[in-house]
């Protein structure tokens, strides 16, 4: 509906579309992981395994590994930061 | 001294999460370091209302169980630097919440934040009880509707008996405030909806604010933008004033639309 140059529907339609898009992305991720204990729940285990692997070679603190996940429409990425500064500081 | 505020209601669907999001965003906008925690284990929704659902990696339960550090689970808001979100688990069940675990996390949060807002699940089960247990203040979200007012009265009873402040000798009782949401001044004026005074007479607690029924609330939820961060609206103003009162400012309660009918309302009068 357009009147006096204003489009009265566009604003509402825009936020409703945003809602639908957000839900579709989120639910696509959640449905795949229902009850299986995988999905974001595997991240603590992944973090522990990475930490264990690093510890075989260098001494690192228990909180040296930081994992973040970013979910986008088409791809998800996992960002893993390993803090080696503490190790370097100790070596000095 | 940081404050723990529980946003609770008993009844579902009255606007707890919307209010927890708006209040925490409002506190952060005022410059207070604020964190908002989702206590609804298994039915996580605060992340969607805050618009950070794609950034959840670790959660409250991971922190309680020692699988992640608190700083890993906290999601810093990208719009307000003083605001953080602590999401809950979508896959665990609510038994994962323990009183000791919640207490430890809250103590750690107290070191960093001025305000810790606990978004309670509906009902009176474990999640709701733990959301209120450590609270210093309570915001009782209530609709002007019989079942909501009744449930709020029940929650008041629990706040005064099943919380740390109620159990500890000599502790001040929890400061409970009423936040009346989805209020329609016109229907109330027409005698179709209880008035603010009616609800206050029944619950007999101080009024924090009256949030009018507003299209801005659904829009905020659609977009994942807390009401006070979106475009100016009656609901946003009402929430901002409620937040100011929560921090001790004296602001007169104005019920938008009651004394100042809008242009269309004046033309079409009370026929709608």
Worksheet entry | 0 to 90° range, to nearest 10: angle between helix B:16-29 axis and chain B longest Cα axis | 80 degrees
Discussion item. Please compute the contact order of chain B in relative form: average sequence separation of alpha-carbon pairs under 8 Å and at least six residues apart, divided by the residue count, as a percent.
Written reply: 24 percent
Practice prompt. Provide the descending list of Cα extents for the protein assembly as shown along its principal axes, expressed in whole angstroms.
Written response: 78, 62, 39
Worksheet item: Of the listed peptides B:16-24, B:33-41, B:91-99, what is their order by residue-averaged count of other C-beta atoms within 10 Å, with the highest listed first?
Response: B:16-24, B:33-41, B:91-99
Worksheet, complete the sentence: Per-residue average of other protein chain Cβ atoms inside 10 Å, peptide B:46-57 -> 4
Worksheet item: Is the range B:118-264 rounded, prolate or oblate when judged by the Cα gyration tensor, a ≥ b ≥ c being the square roots of its eigenvalues, rounded requiring a/c under 1.5 and prolate requiring a/b larger than b/c?
Response: prolate
Response to the item:
Note on the range B:154-257: contact order normalised by length, alpha-carbon pairs under 8 Å, 6 or more apart, percent, works out to 22 percent
Response to the item:
Ordering B:117-127, B:228-238 by per-residue average of other C-beta atoms within 10 angstrom, highest first, gives B:117-127, B:228-238
Worksheet item: Calculated from DSSP H runs of 4 or more alone, at -39500 (n - 2.57) each and per residue, what is the 222 nm mean residue ellipticity of chain B, nearest 500?
Response: -11000 deg cm²/dmol
Worksheet item: Convex hull over the Cα atoms of the range B:3-247, averaged projected area in nm²?
Response: 12.2 nm²
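Values quoted throughout were computed directly from the atomic coordinates according to the rules given, and no laboratory measurement underlies them. Keep in mind it's a predicted model, so treat the numbers as computed, not measured. Here the Cβ is made from the backbone with ideal geometry for all residues, glycine too, and neighbour counts use every protein chain on show.
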